[in-house]
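Report on the structure given below.
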There are 2 protein chains.
Amino acid sequence: MANDPAELAERIASGDVRAAARLMRDLDDIRPGAIAVMKHLYPRTGRGFVLGITGNPGAGKSTVVDALISLYRAAGKRVGVVAVDPTSPFSGGAILGDRIRMQRHATDEGVFIRSLATRGHLGGLSRSTGEVVAVLDAMGYDVVIVETVGVGQDEVDVVSQAECAVVVTVPGMGDEIQAIKAGILEIADVLVVNKSDREGADRAVRDLFAMLELRGHDAAPVEIVRTVATSGKGIDELAHAIDRFRERGIHASDVPNAGGITPRRRRRAQATLRELVVDRLRRATDGALAARPELVDEVAARTTDPYTAADELVRAITASK
Amino acid sequence: MANDPAELAERIASGDVRAAARLMRDLDDIRPGAIAVMKHLYPRTGRGFVLGITGNPGAGKSTVVDALISLYRAAGKRVGVVAVDPTSPFSGGAILGDRIRMQRHATDEGVFIRSLATRGHLGGLSRSTGEVVAVLDAMGYDVVIVETVGVGQDEVDVVSQAECAVVVTVPGMGDEIQAIKAGILEIADVLVVNKSDREGADRAVRDLFAMLELRGHDAAPVEIVRTVATSGKGIDELAHAIDRFRERGIHASDVPNAGGITPRRRRRAQATLRELVVDRLRRATDGALAARPELVDEVAARTTDPYTAADELVRAITASK
């Protein structure tokens, strides 16, 4: 990155897609130059609407995203997409097809799609996703969709940091509608029952309602929308539900503080900051480990216990006396 | 923990199951007293054989574990099991049944089963699993089985740190046998095709062989074993394959260094140590964040960028001048 950071930030903010893609790669590699550019881009963020989408494998998340992109584009909005790919070597095979389908928007200048593999990300998925979202936001995309393909906790965390989290499920998965309950209701702002032309759709909606009921009176309202994303059915209604969620001031409890910052926005800022700090300390740890190979040998030989060795490394890294 | 750490460690090492269970809970809560006990237990570890088992959801991992426990018990060996539960709110519903089945061994004094949920673990799954394995090892269990139910990267990492990693798959999953390939061959020491009385078993074995071939000549040999775990068929052969793996000196490349430490054992020690250090630094980060709430507000208000704020927090935590 030979360019001046301020100038490069300017170019990216005014829509230079190649420069943006290169910046994202450089951020993945944690290049200092890329961070300098981000410092210039950051003040321009906060205008795009960040929408998270997650749900059961096979629920048709990518098809829902695909349909939403078309709808937002028809309304003249520019759309950025961060597709977070499987976290695990054990995922199904249907993913690639959906991905390819979504790529039909790739020739549309109003759409920018970036895939993030969850393996090999220095410093974690959450940091990488946050950075890509920030770049797209600064580039002026009106809506930034974060879609996860995988089902790991990391990915759930990523979606829960969006301004609106949409959770997609399907009827007829039997017990799985039960298994979804614990973590999912915590993060869902809007629930989608996709493939709702299938048998069992009524029951799926009823089950979700029953689960929402259990949350008690203080819980924020969560709409349940039925879609058949392959035909576009219900996507309008989904977009409206998302809008209504925004208009409700996010959560009844999400009122801004004196500085105009809502708790949700503050949580996101804190998560971003924490991720960056832990990431740097993780790298400091790797450095300290490389500098003290004999400590690892001693732990392996069980002549030193790992707790004592960890104390020593933490002392080497931090300022404790 | 009012007791003297050395005395408590002695009691646990001589088989006090209640004290061991309490220690594991206290380790989860990162109580200093628990760590003091671990320091005494650690020199007693390294004798048990740590066996990791992972694989596709629905492949019958728990049934394989169940059958292996029976086999090892019949041979007079004591068995500890760490069952790592789903990482995600999106998992299937069949898990509980398998878990309950395995619990039939819970009344056997020669078997100790500990479940670890992947949510809510302070400091990460890998640290928690490592600590439970160390306790079971110090208690003199001959075999410590680490079984993961979930499919997240965390869980794959956990299994890859075992002395022998068994990966269980099933025939007839179509494309999924393809999807397994990338991450799985890296960690598999023994491959199992379970439910091998099903159609497609031959093809599954052939596909796995083909994938192993692609690794080239230098790759360590990996046996493929067919099982029908529900009837116990093939479990003997699996145990033999595991033994042969041990006898082969783990990997051709896994020769001990001058200190008698094999690369694999060293890698495990390094992973344990790294997890402990990062865990402490993560907690230091949370402390620093709590001490500087205005920094989070500034990032949320976009008056400070997160990189600059992270620099400041890292400075507060570490000794960089």
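Read the figures in this text as sums done on the coordinates, not as results from a lab. Being a predicted model, the structure only gives us computed values, none of them experimental. Quick reminder, even Gly has a Cβ in these numbers, built from the backbone with ideal geometry, and neighbours come from all protein chains shown.
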- Item | Inter-part distance where segment B:26-42 and segment B:200-233 are each reduced to a Cα centre, Å | 41 Å
- Plugging the Cβ-Cβ distance of A:ARG283 and B:ALA220 into 1/(1 + (r/R0)^6) at R0 = 41 Å yields, to the nearest 0.05, a FRET efficiency of 0.85
- A:ALA210-A:ARG244 pseudo-label distance in nm [points 7 Å out on the Cα-to-Cβ vector]: 2.3 nm
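Between Rg and the Kirkwood Rh of segment B:16-82, both from Cα atoms, what is the Rg to Rh ratio? It would help to have the intermediate numbers written out before the result.
Values: Rg = 15.3 Å, Rh = 14.4 Å.
Here Rg/Rh amounts to 1.06.
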- Expressed as a rounded percentage, what relative contact order does segment A:1-44 have, with Cα pairs under 8 Å and six or more residues apart? 53 percent
- Wrap a convex hull around the Cα atoms of segment B:272-317, take a quarter of its surface area, and give that in square nanometres. 3.2 nm²
- Work out how much length A:ASP197 to A:ALA258 would gain on full extension: take 0.36 nm times their residue separation and subtract the Cα-Cα distance, in nm to one decimal. 17.2 nm
- Projected-area average for segment A:1-52 over all orientations - Cα convex hull basis, square nanometres: 3.9 nm²
- Item | Label-point separation, B:GLU312 to B:ARG47 (7 Å along Cα→Cβ), nm | 5.5 nm
- Note on the structure: Going residue by residue through segment A:275-282, the Karplus relation 6.51 cos²θ - 1.76 cosθ + 1.60 with θ = phi - 60° gives ³J(HN,Hα) values, rounded to whole Hz and with x marking Gly or Pro, of 4, 5, 5, 4, 4, 5, 5, 5
- Cβ-Cβ FRET estimate between A:ARG22 and A:GLU186, R0 fixed at 30 Å, reported to 0.05: 0.25
